[in-house]
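To start, the structure under review is shown below, and the notes come after it.
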Amino acid sequence: MKKGQQFHFFPVIIICAAFALLSVALIGQQYYGTSSADSRLSILPADSFQSVSPDTAEALGKESSLGTECLVLVNSTEENSVLAEADIRALFKQLKVNADFVDVSKETIPSFASYEKVVTALVEYGILGERAYDLMDWVFEGGGLMVYFPPQGDLFFRALGVQMGIQESGWSMYELTGIRFKSDLILGGQGKDFSIEESFESSLTLDLTSDCTVHIVSANERELPLLWERRHGEGKVVFMNFGIMGKSYRGLYAAAYSLLSDAFCWPVINASSFYIDDFPSPIPAGTSSYIERDYGISIADFYTGVWWPDLLELAEEYGIRYSGMIIESYSDQTEAPFDVNMNTQRFSYFGSSLLKNGGEIGLHGYNHIPLCFEGFAPEDTQTGIRETYEYDYWNTREDMSASIQELIRFTSELFSGASLQVYSPPANILSSEGRQLLTEDFPQIKAIAGVYSEGGLEYTQEFKVAEDGIIETPRVISGLVINSYMELSALSELNLHYVNSHYQTPDEVLNADPGAQDGWKSMKESFQEYLGWLYGAAADIRNLTASEMAGAVQRWYYLDVEQTVTEDEIILKLDHFQDEGFLFLRINERPPEDPETCITGGSLQDMGGGLYLVTATSDHIVIQRGRE
């Protein structure tokens, strides 16, 4: 070969050498990544909680073995009261609070002296008659009263309102479009207004006496008081002039309830998790108008050279450990045997990089067709409206099961050692038949990650362990552009469960609706703004993968706390304590002088606003109270 010919082939030799080095790097990444895939916080075997009867596991969150601390007064003839009762029951289940519910339209009100706290959820207070005055006398003697939502302002209530700190009130209700925090009661609340998307006339127009401590007001010049507390004799009144209920606001109501006594403690999860659905997955060919506009490259090159490096940069900055929920194909195939995806190079690259950076791989689907049979979305019998289902159906249970088997085979061959313990439903849709199949056919699946907010066909969840042993770990917010509804949801969950649970999908950068029209840089900045808020409010929250989140939820779900407050101590006795436990403790009177030395059986972290994070190392914790 002549010298010129040798030079002519030199670029080809360079390209081949580079490809060989890339292949070695991919193999190395895969080996290194799978070796770090083991969870740092494992999911415990079911028999770890043998002291809890399987028949009562679901009821544990509703009815603990502890005493009844609260009386809730409701009226089944009032629509708002009925809605509030459901809201309070759901909230108390998460707080592990035992309460007696009394329907004042049908039942006799028991003695207030039998309870530490009373919650009223009534539109008209005249139905209480003389017992209303007994209630305020009981508060004066040392009881804690929470008004759960504003009444209609009837004359009877106006007479009571003076003792609750209401100097003057109007007859009309106020439309609440946003909230503002005037104290540090709410973790992550100060310095930022939160908008309410679906506002309505929900709050009483009123003015307060000067001896009230106001925590939340409307986010405008009016600053209408929405949450305040007031001393009444030896007791306290906490008033929620809010009127909007639901999952996205539970954390606000939990904080309000925690103000009623000298101290109040409840178990929390302490976990921050970030899921990426459809990742790894087949990458669309070609380009996108937004990516072409801003970068002039293909979708594949954008994911490899821009999107993923940017997400890893954020992960390094904030300690995030992503959980990628893998999908093998975007085909519409619903009959076995299923086509095997042989194009695995990018699967290997992204999956190995994910694992190498402390992440985890979970299951999403063979394709993006939810586990549903025909008829999954029937018409509502009352409205006649059928929810829109935009996907194909599966014909048989066997085909449905075979698709998950193929996904597990595909993933396990690429990433040996990946535990694949968590499943997130495609499109967040999962039928009861699909849910049962996962439990019966795939025992390695320990948790399902659906969504938290109700609505549509989506598989909505509470944080809990289901009767069949599956751990329910809902994602609370989604997307890189966090809207006002999700901001409030994130705030609420940070204050109720001490949780952040977020998911995104790679194709958000291709679709106009989530904000792709503004460009990836804008989307990334929006996401980074959320991360700055989250870790600014909760700098030490644990960054967990999907299965670790499940392990944290499992431990939290079974944990129960009995609290005793003496003159000098706060004593916490934990039931079903395993290897770790976390609790929020609100101390309203005589906070400890030195959080580091005042506690035995755990550690205490001051979160501000009277809120402390207790990290339990024992099932018996003692906290020394401060001086008067």
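The values are calculated or read from the model by the stated rules, or taken from the named source; none is laboratory data. Treat the numbers as computed from the prediction; the structure is a model and nothing was measured. For neighbour counting, all protein chains shown are included, and Cβ atoms are generated from backbone atoms with ideal geometry for every residue, glycine included. Heavy atoms of the whole protein, side chains included, go into the accessibility calculation; ligands, DNA and RNA do not. Shrake-Rupley method; radii C 1.70, N 1.55, O 1.52, S 1.80 Å.
Each peptide in 545-557, 575-587 gets a packing score, the mean of other Cβ atoms within 10 Å over its residues, and the list from highest to lowest is 545-557, 575-587. A cut-off of 5 Å between modelled amide H atoms, ignoring neighbours fewer than 5 places along the same chain, links Val119 with Leu71, Val72, Leu73, Met146. Compared with the dominant principal axis of the Cα atoms in the chain, helix 520-537 is inclined by about 40°.
A simple rule links phi to the HN-Hα coupling: the Karplus curve 6.51 cos²θ - 1.76 cosθ + 1.60 with θ = phi - 60°, which for segment 276-292 gives 10, 6, 6, 8, x, 7, x, 8, x, 6, x, 9, 10, 4, 6, 5, 4 Hz, with x for Gly and Pro.
Checked against a 19 Å cut-off, the cross-linked pairs Lys117/Lys464; Lys93/Lys182; Lys117/Lys236; Lys106/Lys236; Lys117/Lys247 give Cα-Cα distances beyond that limit for Lys117/Lys464; Lys93/Lys182; Lys106/Lys236; Lys117/Lys247. This model, with +1 at the C-beta of Lys and Arg and -1 at the C-beta of Asp and Glu, gives the chain a dipole about its Cα centre of some 1720 debye. Rounded to the nearest 10 degrees, the inclination of helix 345-356 to the longest alpha-carbon principal axis of the chain is 40 degrees.
With every protein chain kept in place and ligands, DNA and RNA left out, what is the accessible area per residue of the chain? Probe 1.4 Å, answer in Å².
42 Å²
Computed from the Kirkwood radius of its Cα pairs, the Stokes-Einstein diffusion coefficient for segment 497-555 at 4 °C and 1.567 mPa s stands at 97 µm²/s.
Under 24 Å of direct C-alpha separation, and excluding same-chain neighbours fewer than eight residues apart, Lys356 reaches these lysines: Lys446, Lys524.
How large a share of the accessible area of segment 519-628, in percent, is made up of carbon and sulfur atoms when the probe is 1.4 Å and the other protein chains stay in place?
43 percent
When both segment 258-301 and segment 563-626 are represented by their alpha-carbon centers, they are found 34 Å apart. Computed from the coordinates I sent, Cα Rg over 2.2 N^0.38 Å equals one of (1) 1.17; (2) 1.07; (3) 1.48. Tell me the label. Recomputing Cα Rg over 2.2 N^0.38 Å here picks out (2).
Considering only protein heavy atoms and a probe of 1.4 Å, how much of the accessible area of segment 319-478 is carbon and sulfur, as a whole percent? Within segment 319-478, the accessible surface is 45 percent carbon and sulfur. Expressed as a whole percent, the accessible surface of segment 183-275 that belongs to carbon and sulfur atoms is 39, based on a 1.4 Å probe. Compared with the dominant principal axis of the Cα atoms in the chain, helix 432-441 is inclined by about 60°. Computed about its Cα centre, the charge dipole of segment 356-454 is approximately 460 debye, with only Lys, Arg, Asp and Glu carrying charge at their Cβ. Rounded to whole numbers, the Karplus 3J(HN,Hα) couplings from phi for segment 610-626 are x, 9, 10, 9, 9, 9, 7, 10, 8, 8, 10, 10, 10, 10, 7, 6, x Hz, using 6.51 cos²θ - 1.76 cosθ + 1.60 with θ = phi - 60°, and x at Gly and Pro.
Stokes-Einstein, applied to the Kirkwood radius of segment 172-243 over Cα pairs at a viscosity of 1.567 mPa s and 4 °C, places its translational diffusion at 102 µm² s⁻¹. Close amide H contacts of Ile216 (hydrogens built in the peptide plane, cut-off under 5 Å, sequence separation of 5 or more or a different chain): Lys182, Leu226, Leu227. Here the dipole of segment 234-372 is about 460 debye; that uses its Cα centre as origin and unit charges on the Cβ of Lys and Arg (positive) and Asp and Glu (negative). Our coupling estimate for segment 550-566, obtained by passing each phi through the Karplus curve with A = 6.51, B = -1.76, C = 1.60 and θ = phi - 60°, is 4, x, 5, 5, 4, 5, 5, 4, 8, 6, 10, 10, 10, 10, 10, 10, 10 Hz, Gly and Pro reported as x. Amide H to amide H distances under 5 Å link Lys192 with Phe181, where only residues 5 or more positions off or on other chains count and H is placed in the peptide plane.
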